[in-house]
């Protein structure tokens, strides 16, 4: 009897071991490669990738600056305590206000106005700061456009797609944000802006860099260095082996006429392009009928961190809903900033990277993988911006009757990577309108790049 029990027990242990082995094998085979999913061992830090699109800092009625990456300066993160109080407390007042009251409050107060990209859910701010509790102010239907915080009173206004909510009687501390704004005001070489309302004679959301004849800003210039050289076959192979975590003998290798290298393993394909960029493709393994934005963002970041080994502090800059046959997902775009200025490309690319994500699967990705080394410095003058706009009025305005300033959504100083990458990466003027954007040389007024959204859709 005892021998039968031993035999049965041994048989059970063998079967259990086989089960565990098969389960482990299945887990590894379904992982979709290290890095495509966000790993528990190294949790994705959303706060490093998600921030407001811009911050308009109003020091006084006639003194402003515009930060294109408020996360990099730490300004957005400094409001974590404020957001925590807004999203968890229930003892403050909420009222609906109109556009005029909103504009007057901003104009008359020392304040910070955060603007956000399209389709940015309010709840994403809470998740970015790991605020897990939520009150009735947070719901799944609110997409946030702007958040204005009055630094002295602590009052705030949340502008959504449909309404403007005013928050008063919020017992919160703004000591850290106030300290950052105070230090920012004292910062040398800070680019100041003024509101276009003073020129147009009517309310305008547009801010223009100061037209001071003697004011100049000193910016660093950069050179481009690619993380791999496709002309160096061993270098490209080494990257591919790291990406797939496989020896070269297990990979298929192709070379195109422009010297781009293509590597594949199973269904996954990666292309190392002649211009230093990377493309990735892997067909979906199943059909996805639902979207999950948070999970998709984490998957995209995990792919960039672990798969591409992207170590730069990128920022989520665009969220688009996409479909692939019967599946629904997101295209998450990322931008890279040098010294707080957005990196732009003379070539077709609008963003440093974008990833097509379906829940925890990456179907396609494109990354302008490169490093940037400081080369020299140059003075950058903004005194001619209005002249630049006037000379390009026909190009910028919606129709012949309108002042071109009324057609402009944003004027910003950006870094531009030229097609001839031997040229330095240097600051340029970017003008965004509803129909597209334009990048100009601030000194010569040369139009370097034009992107016409209306033409592309026709």
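The values are calculated or read from the model by the stated rules, or taken from the named source; none is laboratory data. None of the values given here were measured: they were computed from a predicted structure. Cβ sites come from the backbone with ideal geometry, for glycine too, and all protein chains shown count toward neighbours.
Worth a mention:
- Residue tally, condition over 27 Å from residue 198 (Cα atoms) and assigned to a loop (DSSP other than H, G, I, E, B), over region 40-92: 19
- Failed criterion for residue 198 (all others in (1) over 23 Å from the mean Cα position of the chain (by Cα); (2) surrounded by 14 or more Cβ atoms within 10 Å (Cβ to Cβ); (3) under 23 Å from residue 405 (Cβ atoms) hold): (2)
- When residue 268 is tested against (1) closer than 12 Å to residue 364 by Cα; (2) in contact with a strand residue (DSSP E or B) (Cβ under 7 Å, 6 or more places away or on another chain), just one condition goes unmet, and that condition is (2).
- When region 417-451 is filtered for residues that are out of contact with any strand residue (DSSP E or B) (no Cβ under 7 Å at 6 or more places or on another chain) and touching a residue at least 24 places away in the same chain (Cβ under 8 Å), the ones remaining, listed by number, are 418, 419, 443, 445.
- Hey, residue 148 buried (at least 19 other Cβ atoms within 10 Å of the Cβ), modelled with pLDDT under 90 and outside any loop (DSSP other than H, G, I, E, B) or not: no
- Residue that is in the same structural domain as residue 85 (by TED's automatic domain parsing), within 26 Å of residue 87 (Cβ to Cβ), in a loop (DSSP other than H, G, I, E, B) and at pLDDT 85 or above, where the choices are 171, 178: 171
- Identity of the residue in region 269-308, closer than 14 Å to residue 243 by Cβ and in contact with a helix residue (DSSP H, G or I) (Cβ under 7 Å, 6 or more places away or on another chain), that ends up modelled with the highest pLDDT: 270
- Tally of residues being outside any helix (DSSP H, G or I) and buried (at least 17 other Cβ atoms within 10 Å of the Cβ) across region 95-124: 11
- Matching residues, region 230-254, being more than 22 Å from residue 364 (Cα to Cα) and not in a helix (DSSP H, G or I): 231, 232, 247
- The requirement of being in contact (Cβ under 8 Å) with a residue 24 or more places away in the chain, under 18 Å from residue 385 (Cβ atoms), out of contact with any strand residue (DSSP E or B) (no Cβ under 7 Å at 6 or more places or on another chain) and surrounded by 13 or more Cβ atoms within 10 Å (Cβ to Cβ) is fulfilled nowhere in region 154-172; no residue meets it.
- Counting only helices (runs of 4 or more DSSP H) that sit completely within region 378-435, those holding 1 or more residues that are more than 22 Å from residue 198 (Cβ to Cβ) correspond to 393-396.
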